[in-house]
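Enquirer: Take this structure, written in structure tokens, and hold onto it; I'll ask about it next.
The values are calculated or read from the model by the stated rules, or taken from the named source; none is laboratory data. As the structure is a prediction and not an experimental result, all values here were calculated from the model. Note that each Cβ is placed from the backbone with ideal geometry, even for glycine, and that neighbours are counted across all protein chains shown. SASA here: full protein model, heavy atoms, side chains in, ligands and nucleic acids out. Shrake-Rupley method; radii C 1.70, N 1.55, O 1.52, S 1.80 Å.
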Amino acid sequence: MWKFIIRRVAIGIFILFVVVSTTFFFSRIVPSEPAQKWVGAHATEEQIEAAKIELGLDKPLYSQYIKYLGDLLKGDFGMSIVSHRPVSLELKNAIPNTLELVILSVILAFAIGLPIGVYSAIHENTIFDHLGRFISVGVISMPTFWVALMLQIIFSTKLGLLPLTGQMDTILKLTNPLDKITGFAMLDSVITGNWRVFKDLILHAILPILTLMSYSLGLTSRMTRSILLEVLNEDYIRASRAYGIKERIVIWKYAIKNVLGTVTTVLALSAGYALVNTFVIEAVFSWPGIGSYISRSVINLDYPAIIGVTLFASVSYIILNLIADIIVALDPRIRFVKGGD
Amino acid sequence: MSKNKNIFLIKLKRRLEALWVFIKLLLKNKLTGIAFITIVLLTVTAIFAPWISPYPDQGQGQVNLEEKFQPPSTKHIFGTDELGRDILSRVIFGTRISLVISTITIVLALVIALPLGLLAGYHGGMVDEIIMRITDVFLSFPPLMIAIVIASFLGPSLTNAVIAIAVAWWPWYTRIIRAQVMSIREKPFVKASNCIGTNKWVILLSHILPNTISPVIIQASMDMGGVILTAASLSFIGLGAQAPTPEWGLIISTARTYIIDAWWYSAFPGLMIFITVLSFNLLGDGFREVFDPRTRVR
Amino acid sequence: MNMKYTKVISILLVVLITVVAAGCSGGEEQQGNDNTPKTVTYVTHSDPMVFWDPAETWAIEIVALQNIYEPLVRIDPMNDNEFIPVLATEWKSSDDGLKWEFKLREGVKFHSGKELTADIAARSLKRTIDLGKGAAYIWDGVKEINAKDDNTLEFVLERPLPMLYIVSSAYGSYIYDPDLERDWYYEGNADGTGPYKLNDYSKDSEVILEKFQDYWGGWNQDQFDYAIVKIVPESATRRQLLVRGEADIVEQMPLEDVEALKSDDNILISDITSYQQLYAFLNTQKAPLDNKYVRQALSYLMPYQDIVDHVMLGSATQARGVIPPNLWGHGKDLMQYNYDLDKAKELLAQGGYPDGGFKLLYTYTAGDKNEQKVGELFKDALSKVNIDMEIRGMTVDSKYDLAKATDPNDRQDITMLYWWPDNVDPQGYMYSQFRTEKEVGFNFGYYSNPEVDRLIDEAIAISGTSIEEATEKYIEAQEIILDEAPAIHLYCENYVRPYRKDLKGYADNPAYPNAVFFYELSR
């Protein structure tokens, strides 16, 4: 068991190293002038030269690389070329906002997607199954950015039910200031008992969560269905049925156990997709998270910022996958099939 | 020579028969059937875009300022955009672009994946280990994320988007090909060829390669939807197609500025993406059902 | 149905209903609460806070910083270039124009409580010059800055300079506390003498400014306690915020939206001529645009009127020459190219391309909808003479990289550039864009003409003493530039900003692009 975990961790570190190195060298090979960006559009040649020295771009590539690795170990992601502030600081402010969306949407997707998947599998090839499958394939076939726009136009512009964008009402922020404890706004508002703010935060989060949820929902129900179908064809289930054990008990006591183990993999996967979808939709909702951050950095070619977000996402993925793998490996009842989708 | 030709014909006939059985099996499911027909229709639309679209010139970018922002009407079924172009025509030409770039992307991914997969599966050992660890790196992330990062480094253009997506996608195929090669390698006919001392390359190309093709084609058709979505997402955030290319994601990206007064401008291209991707995904599900006996068995 | 399953469903339903119910009741709770502070909200499309050090800022930061920091003098171009005393109350120059004295306002305090003195003012400007960042070059030609006494600031010059235009510059002219460190600013701090102090900043979300009680100008109760700069990248969202009254002024609205907003009774539109002019630079060092006739033909093929009418919806004037109409140096009688297909064909034949048949690359800043649409219209027009054009949206960096490629043949054929001045002076338009450059800066036509160079240099040299004579030189240079057509001069745009009708005192000032002076506003 430990051998397995150590091996997984080692692979994780290796992947991180490859990601760090490739993004670094990629960012230096690409013909662009970070120094120009640093000093602004109307800069003179001398100002650009000075900026090169300031940014360490005058040194040879390998020494830049070594310094970069050293800085990373210290948690220093470098300075954003556009905002002139440490990337680590900007990430620290943005990450909780994104995680709030991702976590809530995955939980909701799971709570809705799992029953749909189970129901579909049990009633295979009935009209419910077709409908359930159609919905779950449907939601993963819609472009998330389009879903975001359509939800906005329906619930906010036309019906006026929900706020259009943003995380929190500004005036409320002035009258009921929120103390920063964990950095997670919703959690902080609960801890401090700031209910007006909490309600406002929830209202602002509904549309982005619905958007992010749609893809994860489809993923969860699809995979639950196919895994459950597979399990229901296993010998021990057939045997249980043959013994005349009630169908309800067969499914919810025997079959579901086997499904839940593998479903953690699904959870990891949908959290992953939700995270990457924030890259596309946060800008639509003016949500102050890493998604808005990277979509702007990409347009401005702000390499330290792009690399910072990439590294954060990589670490998240590796940890998610690791946890899923370990849970699966810990459960002796489960034959782990890699690439279960 | 003629004997060879005969064998070829027999083989071909067998293949076609198998294909027919397969299609019949596939179309047994109604949803899959509808999806299949939709895809055929989309392909026809893409090929005959200049003849099908009501305003082919506008579909390709010609402006028509007198008629900007017309809501849907009999003259312009999907309305017109900010430069007066017929959105239906743009969307029809967009079908062409989406289908072509997703096909090119997958072909490109295969071009990368095929040699690596064959090598890893056939050679094994250290080579296999290295190639598989590299695919591990890629497979740890959703393709869209890899594509965004790569495209941002390459700079925004349709070509670069295709490259970025292909780079994000090849590891999946490498894995499939490798697994296939490994199972075929152990088959008696390959072992026999090995024993009689047939050249390694001949075995690889004439025995192993043909047998990897069908699983790869099936996987590729299942991936079309995902690739189209990824390409549209890249264009939407400004890393893909450039104006006036009628790429769906790009159209929506432009349209969102006008979403309050011109809902049709973003609604219809979005609907087109939805229908196309849905059809490919349903078809992919159909494939899976036919090929994965575990889920087919009742 | 299964028991457990029913339970799961019912729990889900309850959760959903609560959420939706919470959503529905959300709309009503906006009012109430009597002690709600008076706020004004200005919505911009991108985060204004890039540079924090007042010595370095020279772009969109002024949206917030012009309210936090103050210069000696401001200029009001809408009022015949009147100079408004801010931190300086009066000024005079010596007869030879080589010495200027500014009397500082008394009793001015920084947000930190520190008192403003001439020594602080002199040292802050010297720090700006010594750092040499941002717009520091506006002080070129200033030899010394001295504090003559507690509230007299003296400038000693190398040559006569239009000093009032310089001290009123939108960038690089702030008076601040020179004893603060650069790092302190980049932690997100600010300390000026302006009417508002920084309350809170959340990146890409908002900048909250709070009124500074001890402001030298004093306060009345109609003014705002808080001024909020809210960042909303989506224009459709900005518009909705304005319509709902959640925003008071919005920036960068697509003109289609402005058109729709005109019918809203609660909204007024501010529409003023700016100094911002759009140019399409033609690569004069690469075939076929190295040919003057082809460049002229292209100048005749640009559909100016369609662009003004349909891209800018009338909120722009077709350019006449390099310098925009409301800036000195502009030539009212200069020639103007207009769309003329026949003339273009004639010129193409003269240039040796009677049947077109070449392909051009047009680069613009990705995301700029106007430049994109201009490209699409131009491409359409070029197709009529069998010229193909690729439109490529690029990030600002990569656009510049391409434009500065070592071999002119690797560069683009056409690139788009906006120009606006740092202070109210035409020098930048001519010098940066059309004077010969050893290394490419902003002369993206790569144009070089010794005669034009000479005229520009002479104009700059005399601009400190005689604006009339300088104007003559500039006009002469523009005549040559128009004939040789290294650039297509498109339009000078209007700054169009919709704002709420109940907002009083709003006046846009084109010398400080996009800035809103919250102190002047009330409700």
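Enquirer: So what is the 222 nm mean residue ellipticity for chain B from helices alone, if each DSSP H run of at least 4 adds -39500 (n - 2.57) and you divide by all residues, rounding to the nearest 500 deg cm²/dmol?
Expert: Result for chain B: -25000 deg cm²/dmol, rounded to the nearest 500.
Enquirer: Something else now. Taking every residue in A:103-112, how many Cβ atoms of other protein chains lie within 10 Å of its Cβ, on average? Walk me through the intermediate numbers first.
Expert: Details: counts 0, 0, 0, 0, 0, 4, 0, 0, 5, 5.
Whole-number average of other-chain Cβ neighbours for A:103-112 is 1.
Enquirer: When the helix-only estimate is applied to chain A (DSSP H runs of n ≥ 4, each -39,500 (n - 2.57), divided by the residue count), what is the mean residue ellipticity at 222 nm, nearest 500 deg cm²/dmol?
Expert: -23500 deg cm²/dmol
Enquirer: Here's another thing I want to ask about it. State the extension gain, in nm to one decimal, for the chain segment bounded by B:ILE37 and B:PHE291, taking 0.36 nm per residue of separation less the distance between their alpha-carbons.
Expert: Contour length minus Cα-Cα distance gives 89.4 nm.
Enquirer: So, one more: Relative to the longest principal axis of chain B, what angle (0 to 90°, nearest 10) does the C-alpha long axis of helix B:2-27 take?
Expert: Roughly 50 degrees, rounded to the nearest 10.
Enquirer: Output the Kirkwood hydrodynamic radius of the range C:149-268, Cα pairs only, in Å rounded to one decimal.
Expert: In the range C:149-268 this quantity evaluates to 18.3 Å.
Enquirer: Could you grab the Rg to Rh ratio for the protein assembly as shown? Cα atoms only, Kirkwood for Rh.
Expert: Values: Rg = 32.5 Å, Rh = 32.7 Å.
Result for the protein assembly as shown is an Rg/Rh of 0.99.
Enquirer: Okay, next question. Counting only the backbone N, which residues of the range C:141-177 are under 20 Å from the spot 7 Å out from the Cα of C:ASP119 toward its beta-carbon?
Expert: Counting backbone N atoms under 20 Å from the label point, the list is C:144-156, C:175-177.
Enquirer: Still on this model: Counting only protein heavy atoms, probe 1.4 Å: which residues of the range C:234-260 lose 40 Å² or more of accessible surface in the full assembly compared with their chain by itself?
Expert: C:GLU234, C:ALA236, C:THR237, C:ARG239, C:GLN240, C:ARG244, C:GLU256
Enquirer: Rounding to the nearest 20 debye, state how big the charge dipole of the protein assembly as shown is about its Cα centre with +1 on each Lys and Arg Cβ and -1 on each Asp and Glu Cβ.
Expert: Around 8560 debye, computed over the protein assembly as shown.
Enquirer: Can you tell me the orientation of helix A:290-300 relative to chain A, as the angle in degrees between its alpha-carbon axis and the longest Cα principal axis, to the nearest 10?
Expert: Approximately 50 degrees, to the nearest ten.
Enquirer: While we're here: Suppose R0 equals 25 Å; then what is the FRET efficiency for A:PHE4 and A:TYR65 from their Cβ-Cβ distance, rounded to the nearest 0.05?
Expert: In this case the efficiency is close to 0.15.
Enquirer: Between the chain alone and the structure with every protein chain in place, find the residues of the range C:44-62 that drop at least 50 Å² of accessible area; heavy atoms, 1.4 Å probe.
Expert: C:VAL50, C:PHE51, C:TRP58
Enquirer: Taking the Cβ-Cβ separation of C:ASN220 and C:LYS359 as r and a Förster radius of 51 Å, what is the calculated FRET efficiency to the nearest 0.05?
Expert: E(calc), rounded to 0.05, equals 0.20.
Enquirer: According to the square roots a ≥ b ≥ c of the eigenvalues of the Cα gyration tensor, what is the shape class of chain C, taking rounded for a/c under 1.5, prolate for a/b larger than b/c otherwise, and oblate for the remainder? Numbers along the way, then the final one.
Expert: Numbers: a/c = 2.08, a/b = 1.13, b/c = 1.84.
Judged from the Cα gyration tensor, chain C comes out oblate (a/c at least 1.5, b/c at or above a/b).
Enquirer: Using the beta-carbon distance between B:ALA192 and B:LYS24 and R0 = 41 Å, what value does 1/(1 + (r/R0)^6) give for FRET efficiency, to the nearest 0.05?
Expert: 0.75
Enquirer: Something else now. Label points 7 Å out from Cα along the Cβ direction at C:ASN386 and C:GLN305: separation in nm?
Expert: If labels sit at C:ASN386 and C:GLN305, their model points lie 2.7 nm apart.
Enquirer: Now, a different point. Give me the one-decimal nm value for the distance between modelled label points at C:ASN189 and B:ARG133, 7 Å along each residue's Cα-to-Cβ direction.
Expert: 4.9 nm
Enquirer: Quick check for you: with a 1.4 Å probe and neighbouring chains kept, what is the accessible area per residue of the protein assembly as shown, in Å²? Provide the component values of the computation, followed by the final result.
Expert: Details: 47710 Å² over 1162 residues.
That works out to 41 Å² for each residue.
Enquirer: Related question: Where in chain C are the DSSP H helices whose alpha-carbon span along the long axis reaches 15 Å or more and whose Kyte-Doolittle mean is at least 0.5?
Expert: TM-like helix candidates: C:3-25.
Enquirer: Give me the accessible area buried between chains C and A, both sides summed, with a 1.4 Å probe, in Å² rounded to the nearest 100.
Expert: Accessible area lost upon association: around 4700 Å².
Enquirer: Right, next: In the protein assembly as shown, carbon and sulfur make up what percent of the accessible area (probe 1.4 Å)?
Expert: 60 percent
Enquirer: To the nearest 20 Debye, how big is the dipole of the range A:92-329 about its Cα centre, given +1 on the beta carbon of each Lys and Arg and -1 on that of each Asp and Glu?
Expert: With Lys and Arg at +1 and Asp and Glu at -1, about 380 debye.
Enquirer: Further question: Report the accessible surface area buried between chains C and B, summing both sides, using a 1.4 Å probe on protein heavy atoms only, in Å² rounded to the nearest 100.
Expert: Numbers: alone 23510 and 16420 Å², together 37950 Å².
The contact between B and C buries close to 2000 Å².
Enquirer: Of the options A:ALA283, A:ILE112, A:VAL266, report the single residue whose Cα projects farthest towards the positive end of the charge dipole of the range A:92-329 (beta-carbon charges: Lys, Arg +1; Asp, Glu -1).
Expert: It is A:ILE112, whose Cα lies furthest towards the positive end.
Enquirer: Once you put a point 7 Å from the Cα of C:GLU181 and another 7 Å from the Cα of B:GLU66, both along the Cβ direction, what distance in nm separates them?
Expert: Result: 6.9 nm between the two label points.
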